[in-house]
Amino acid sequence: MKSLESINEFVIKFANVNGTGSASANNLFAKALFRMGLPVSPKNIFPSNIQGLPTWYEVRVSEKGYLGRRGGVDIMLSVNPQSMPQDVREVEPGGYFIYDSTKPLDLRLHRKDINIIGIPLTRICNEEYEDPRQRQLFKNVIYVGALAALLDIDFAVLTELVADQFKGKEKLVLPNIHALELGHQYVKANLDCPLGIRVRKSDKVGDKILLDGNTALGLGAIYGGATVAAWYPITPSTSVVDAYERYAKRLRIDPGTGRQNFAIVQAEDELAAIGMVIGAGWNGARAFTATSGPGLSLMSEFLGLAYFAEIPTVLFDVQRAGPSTGMPTRTQQSDVLSAAYASHGDTKQVLLFPSTPRECFDFGALSFDLADRLQTPIILMTDLDLGMNDNMSDPLEWDDERKYDRGKVLTAEDLDNMERFGRYLDVDGDAICYRTYPGTHPEKGAFFTRGTSRDEYAIYTERGEEYEKNMLRLLAKWETIKSYVPRPEIIRSEQQTEMAVLYYGTSEEASREALDYLAADGVHLNAMRVRAFPFNDEVEQFMADHEQVFVIEQNRDAQLRTLLMAEFELGPDKLKSVLCFDGTPISARNIRKQILMHLPGYNVTPLRRERVVGQGE
Amino acid sequence: MSYQQPKFRHPSLPVNDLGYTRADYEGAISTLCAGCGHDSISGSIVRACHELSLEPHKIAKLSGIGCSSKSPTYFLGKSHGFNSVHGRMPSVVTGAAMANRDLLYLGVSGDGDTASIGMGQFAHAIRRNLNMVYIVMNNGCYGLTKGQDSATADEGSASKKGDPNPFGAIDLPGLALQLGATFVARSFSGDKEQLVPLIKAAMSHRGFALIDVVSPCVTFNNNSASTKSYEFVREHAEATGTVDFVPMREEITTSYEPGHSQEVTMHDGSVLRLRKMAEDLDPFDRGSAMMALEASRSSGQILTGLIYMDKDSADLHEVLNTSRRPLNTLAEEDLCPGDKVLQNINQSLR
C-alpha cells in the first residue's frame, strides 16, 4: 500500500458524538492550523439533536487556498463507535484511520488499503481523570494533542490558543494544556510520527479572519443601523439574532441612560416576526428578521403586503434542506424560487446572494440601505454552510464617512412646500415614490397603507386601469432595482471559450476549484458568480455571450436555472444543471464530474473514488 | 370607493384646546351598511380624540381585515393608517410601537380578525403588554363574506340564515383577563355615553387596553334569534358602573358622596372616576373581575363597562429598557460603532 503523502493539502474529518464537547476541541484544531498561516475550511455536519447522535467535523486544509469541499477524506479521526463502519469506508485509499484503541477494532472494519492507527484515548483519560465529565471533555483535547504530534502542528501555537480561548477563565488554561500534552506525549512515545500527511508553517492567511456568516450578518445589522429585530427561533438562522444581540449589548447601550438603542422581540411565530419588521419599517425604523425555509413559507403572505404596499423590509434567510422540515441541520440552496416570487399574486422579490462572511457583513448592512431606497423586501439568501461554519474571510471594513441611505422620505418642511402628496405618485420617473413616516406633519402627508388596490394618492380603488397602472409601475421599479443591486463577479478563462459556469453563494469555492481541475482536463470555462436578483444587465450579457452555461447549485430542481429561464426567456438547452442536494456542501470533484458528463467529447475518468449527485456518502 | 367628507362645517362647532373641531378628527365617508354598529364606534373614537385634544397626526390607526378593519378609513383622516393582513394587526403594531414609542397606537379589529385567525397575535400582544388601544368591533359574524357565525357568536344564537350556532363563544374580555391584560372593558356601540369615556381611559392607560364593543351587524345578525342584535344587547347589558374621565388639565369640580365613587389617577395624570360600581366587582382585582364576568355570563347578561385595570403595569418598552428617544429618530452616530471597533473585532477572529 502506498500511503498518502502531502504537506498542507488534505482533508481531515472528525467523527464524534454530539453533546460531548467535541466542537470546541475540533475548533481548536482548525484554528491552530489557521494561526500557522494555513487556509482552513472547517465544516460541521451535525444532527438535529442535542445529545447522543453522530456528528462530524470536516476540515479542508489547503495551502493553495481551496476552501470549498474537495470530496473524500484523507484522515479520519474516529471516536464514535456508532458511525465507525461508515467512517472507515470513507477514507481514501492510502489514507489514515485514527481510532480509540482502548477496545480493539472490530475485525470486519479492517481495510488493507489504509493506515489504521490506534490511540487508547479512553484508557489515557480513565487513568488521568476521576470525574466522568472531565473524562469526556478532555478526551477531545487529548486527541487534538495527539494530532499535533501526528501532523507536526506547532505545539506552542496550540498552547497560545488555549490561553486566548480561556481568557478570563485562567483556571482552565493549565488543565487543557496538560490534556494536550497527554495526547502529544503518548504519540511521540508510541507511534511513528509525523505521518505522510503533515503541516508546515506558511504565510497564506495574511490578514484574513475566521468567522461564521451568521455572526457577520448580525454585525452587518448592527453597522447597517438596524434597531428592531423580530424573530422566531429556527435552525440554522438563530445565531444571526444571537450575534446581533451579543454585539448590541456591547455596542448599542446609550452611555448616558443605560438604555438600549435597539429592541429585540422574540415573536410567537414567523408570521408575527415579519409583521413586526413591516410595522417597524413602515414607521421609519430599520428592522429585520432572520429565518429559514419553513419560516419563509409562513412569511410569504406578509411579504406580498410589503411588496405591494412598498414597505422597507429586511429578511435574512439561512437556507437548510427542505421541503417541509426536511433536514434541518443540513445545507441547501433550495428557497430560491419560493423567495424570488414569495406570496400570491404577481410578485417579485429582491434577493442577495453573499458567499463569504465578509459579504454577509457587507450585504447585511447594504440590505437596509436597499430596503429604504427601494421600498420593498430585501431577502438575503445565505445557507447553513456559510451561516454556521467558520469560514476564512477577508477582514470586515467600514467606511466611517458612509451615511445611511434612508431613501425618499418627506419631512414636514418638504410637505409644506408641495401642493399635494401622493404616496404612490411616480414623481421622479424611476418608479420609486415618496413616503412619509407617521407623525411627521399635523395637516399633510397622512395616508392609508393597505394591501388592497389603491390609486396614486393611496385612496382605495377597484378601477382596473388604476390597478394595472400601479402593477406596471412596480414592474418599472423592478428595472430601477437592477441598477442598485450588487453586480455579478465575472472571471474570464485564460483561453477563448463559449462555455461558462454560473454559481452563487456557497457554491463559489468548490466551483473555482473545479474550474482549475477542468482546465487541467483541457476544459476551459468562463465563470460568473451571480450576487443578486433581479439579474442586472451584465448577467444578461454574459448569458448572451455563451453557447453553453452550467448552472451550479445546491438544490434538486435547479431553481436558479428556472429563474434565469423565466426572466430571460432562455431555452433549456443552453443551461445545464450541476446539482448537489444531499445536504452536504457541494464538492469540487462532484462539480468536475457532472460537467464532464455533460461533455460527451471529453474523456471522463474520475480522479478518485467519487460521489455522484443524489447519493449519500 | 372611499369618499372624501365635504369640508364645509357649521361655523360655530366647538373647538378643543388645539383649536380643532370634531370634524378635524373625522375620516372619509363610511361605506359600511346604514345603521352598522361600527360607524357608531368610529363616531365615539372621533369624539374621544377630540375631547382629549389629541394631535391627530400623533395617532397611528391600524387594523386587520374585515368590515371592522375597514373602519379606520372613516375616522382620523389626518392620522397615518395601516390596513394590514387578516388577524395580523397586533404584530404590525408591535413593530410600529418599537420604532416610535411617542405615537398613540389605536388598533381596530373584529371578532373574526381577533378571536379566530388572529387569536395567536392577540394573545401575545396582551402577554407583552404592548402599549396600545385594541378595540374589537364585535358583531358575532363575518359580515364581508355574508354572515357566517364567528367564534364570538353565542351558543344557540342564530343569524339571519336561521341555524343556531352549535359552538360556545370565546369571551374576549374573559380571555384577556386570563392572559394578563392590564386594561379590560366591554361596551356597546349604541351606548356612547359609556363608550367614549372608556376609550379615553384606554388611551391614557400605559399598556395593552382592550375594549370589546358589541356592535350589531344590521345586515346579517340583527334578527330576533341573535344575541348580538341591538334589541338583545339593550335588554341584557349590565353595566359595572359609570366611568367618568377627567383629563389631566381639568380641575375636578364635582364632588360625590363618599362610598359611591372612587377616583384613580392614571400614569399620565388624568383621573378616572368610577361611580355606582357593582358591589361584587373590584376592578383593580383580576380575580374579582373574572368572577364578575363569569357570574354575569351565567345569568345570561352581558357585563359592560370597565372590568379590570392595572394602572401601574410596565409596558413592553419598559420591559426591554429601550431608549426614550424613539428608535426611528436615531442616526449613524447613535447606531454605527465605526471602523475602529470593527478592527478590534477582526483581531479577535484571527
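The values are calculated or read from the model by the stated rules, or taken from the named source; none is laboratory data. None of the values given here were measured: they were computed from a predicted structure. No Cβ is skipped: glycine too gets one built from the backbone with ideal geometry, and neighbour counts run over all protein chains shown.
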- prompt: within 11 Å of chain B (Cβ to nearest Cβ), more than 17 Å from A:Trp282 (Cα to Cα) and not in a loop (DSSP other than H, G, I, E, B) - does that describe any residue in region A:422-445?
  reply: no
- request: Working carefully through the options A:Leu219, A:Leu305, A:Leu296, A:Leu271, find the one that is within 21 Å of A:Gly505 (Cα to Cα), facing chain B (nearest Cβ under 10 Å) and in a helix (DSSP H, G or I).
  value: A:Leu219
statement: Expected output for region A:325-349 (first residue closer than 24 Å to A:Ser587 by Cα, partner acidic (Asp, Glu), Cβ below 7 Å, 6+ apart or cross-chain) is A:Thr331/A:Asp383; A:Thr331/A:Asp385; A:Gln332/A:Asp383; A:Gln333/A:Asp383; A:Gln333/A:Glu553; A:Asp335/A:Asp317
statement: Residue hits (region B:37-87; within 14 Å of chain A (Cβ to nearest Cβ), under 14 Å from the mean Cα position of the chain (by Cα) and of a type in the set (Val, Ile, Thr)) are B:Ile59
message: Of the residues A:Gly387, A:Gly445, only one is surrounded by 23 or more Cβ atoms within 10 Å (Cβ to Cβ) and in the same structural domain as A:Met299 (by TED's automatic domain parsing); which?
response: A:Gly387
- request: May I ask you to list the residues in region A:551-575 that are assigned to a helix (DSSP H, G or I), within 21 Å of A:Ile586 (Cβ to Cβ) and among the charged types (D, E, K, R)?
  value: A:Arg561
- line: Scanning region A:485-508 for residues that are β-branched (Val, Ile, Thr) and over 16 Å from A:His524 (Cα atoms), the one surrounded by the fewest Cβ atoms within 10 Å (Cβ to Cβ) turns out to be A:Val485
task: Could you please find all residues in region A:34-74 being over 22 Å from the mean Cα position of the chain (by Cα), modelled with pLDDT under 95 and not hydrophobic (A, V, I, L, M, F, W, C)?
output: A:Gln51, A:Gly52, A:Pro54
Contacts under 7 angstrom Cβ, first residue in region A:432-445 being over 19 Å from B:Arg101 (Cβ atoms), partner acidic (Asp, Glu) and outside any strand (DSSP E or B), 6 or more apart: A:Cys433/A:Asp426; A:Pro442/B:Glu55
statement: When region A:343-362 is checked residue by residue, the ones that are touching a Phe, Trp or Tyr at 6+ places or on another chain (Cβ under 8 Å) and not β-branched (Val, Ile, Thr) are A:Ser343, A:Gly345, A:Lys348, A:Gln349, A:Leu351, A:Leu352, A:Phe353, A:Pro354, A:Ser355, A:Phe361
message: Among the residues that make up region A:204-216, is at least one of them more than 14 Å from every other protein chain (Cβ to nearest Cβ) and either in a helix (DSSP H, G or I) or at positive phi (or both)?
response: no
field: Positions within region A:485-509 being in a loop (DSSP other than H, G, I, E, B), closer than 24 Å to A:Cys580 by Cα and not hydroxyl-bearing (Ser, Thr, Tyr), in sequence order
entry: A:Pro488
task: Taking A:Leu105 as meeting all but one of (1) assigned to a helix (DSSP H, G or I); (2) in contact (Cβ under 8 Å) with a residue 12 or more places away in the chain, write down the number of the exception.
output: (1)
query: Does B:Ile65 satisfy the condition of being in contact (Cβ under 8 Å) with a residue 12 or more places away in the chain, in contact with a helix residue (DSSP H, G or I) (Cβ under 9 Å, 6 or more places away or on another chain), not in a helix (DSSP H, G or I) and not acidic (Asp, Glu)?
result: yes
query: Can B:Ala314 be described as at pLDDT 90 or above, under 21 Å from B:Val133 (Cα atoms), more than 9 Å from chain A (Cβ to nearest Cβ) and in a loop (DSSP other than H, G, I, E, B)?
result: yes
task: Answer yes or no as to whether B:Asp285 is under 27 Å from the mean Cα position of the chain (by Cα) and modelled with pLDDT of 95 or more.
output: yes
field: Candidate set: region B:117-149, residues that are small (Gly, Ala, Ser) and under 17 Å from B:Val214 (Cβ atoms); chosen: the one surrounded by the most Cβ atoms within 10 Å (Cβ to Cβ)
entry: B:Gly140
message: Just to verify a result, which residue in region A:159-198, among those that are over 21 Å from A:Glu127 (Cβ atoms) and of a type in the set (S, T, N, Q), is surrounded by the fewest Cβ atoms within 10 Å (Cβ to Cβ)?
response: A:Gln165
message: Just to be sure before I move on: is A:Ala189 in the same structural domain as A:Val40 (by TED's automatic domain parsing), closer than 30 Å to A:Glu63 by Cα and not in a loop (DSSP other than H, G, I, E, B) in the structure I sent?
response: yes
task: Determine the pairs where a residue that is not assigned by TED's automatic domain parsing to the domain that holds A:Leu366, located within region A:396-409, has a partner that is among the hydroxyl-bearing types (Ser, Thr, Tyr) and loosely packed, with under 15 Cβ neighbours inside 10 Å with Cβ atoms under 8 Å apart, the partner being 6 or more residues away or on another chain.
output: none
- line: Exactly one of A:Leu28, A:Leu77 is at pLDDT 95 or above, surrounded by fewer than 24 Cβ atoms within 10 Å (Cβ to Cβ) and of a type in the set (A, V, I, L, M, F, W, C), and that residue is A:Leu28
message: Step by step: first the residues of region B:323-344, then only those that are within 28 Å of A:Glu397 (Cα to Cα) and outside any helix (DSSP H, G or I), then the one that is farthest from the other protein chains (Cβ to nearest Cβ). Which residue is that?
response: B:Ala331
